[in-house]
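The next block holds one structure in the form of structure tokens; read it before the comments.
The values are calculated or read from the model by the stated rules, or taken from the named source; none is laboratory data. The model shown is predicted, which means the values in this text are computed figures rather than measured ones. Positions of Cβ are generated from backbone atoms using ideal geometry, with glycine treated the same way; all protein chains shown enter the neighbour counts.
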Amino acid sequence: MIFCFAFAEQPATPTDLASEPEIIEIADDDFGHIEYATPKVFLEMSPEIVHMGDEITLTAILMDFPEDVTIYWEYSNNCVDWFVIEGEHENLYTFILTPDNLGYYWRVRVHYEG
């Protein structure tokens with residue numbers, strides 16, 4: 001069994017939830033410069049049915065991210081302690097299914113400034 005997760009992280013900014021929202025007047029010519037989309041990450045695995053010794057490709061599909069992102073592929077054997085796979089920063093990660101990694105959890109972490 002192979003488990004896959006995905007998440008995105010943006011540097012935290014403090015927010016005062018008790019304050020009233022600020023109303024800002026926007027000129028018509030400024031409207032095109034406002035970004036409303038929330039970044040999303042989807043994971044696909046190929047092939048869908050695997051056997052020991054098969055090559056597996058995980059694909060991270062990024063939507064509504066800025067252009068400058070850093071991708072980190074990570075694995076865990078307990079879903080608590082995560083380990084970065086060094087040198088893997090592309091949206092594809094390929095590995096061979098072995099007895100050692102059978103049952104591992106896999107995830108992609110996307111870091112961006114925004």
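Could you look through the range 60-73, keep only residues that are of a type outside the set (A, V, I, L, M, F, W, C) and either within 10 Å of the chain's Cα centre (by Cα) or modelled with pLDDT of 95 or more (or both), and pick out the one that is surrounded by the most Cβ atoms within 10 Å (Cβ to Cβ)? Walk me through it before giving the result.
First, the residues of the range 60-73 that are of a type outside the set (A, V, I, L, M, F, W, C): 64, 66-68, 70, 72.
Add one more test, that the residue is either within 10 Å of the chain's Cα centre (by Cα) or modelled with pLDDT of 95 or more (or both), and what stays is 70, 72.
Details: T70: 10, Y72: 16.
Ranking the candidates gives Y72 first.
Does at least one position in the range 6-26 carry a residue that is surrounded by 10 or more Cβ atoms within 10 Å (Cβ to Cβ), at pLDDT 90 or above, small (G, A, S) and touching a strand residue (DSSP E or B) at 6+ places or on another chain (Cβ under 6 Å)?
There is no residue in the range 6-26 that is surrounded by 10 or more Cβ atoms within 10 Å (Cβ to Cβ), at pLDDT 90 or above, small (G, A, S) and touching a strand residue (DSSP E or B) at 6+ places or on another chain (Cβ under 6 Å).
Considering the range 93-114 alone, what residues qualify as being without any contact (Cβ under 8 Å) to a residue 40 or more places away in the chain and surrounded by fewer than 11 Cβ atoms within 10 Å (Cβ to Cβ)?
Of everything in the range 93-114, just one residue is without any contact (Cβ under 8 Å) to a residue 40 or more places away in the chain and surrounded by fewer than 11 Cβ atoms within 10 Å (Cβ to Cβ), namely D100.
What's the total number of residues in the range 61-92 that are in contact (Cβ under 8 Å) with a residue 12 or more places away in the chain, in a loop (DSSP other than H, G, I, E, B), out of contact with any Pro (no Cβ under 7 Å at 6 or more places or on another chain) and under 17 Å from V41 (Cα atoms)?
6
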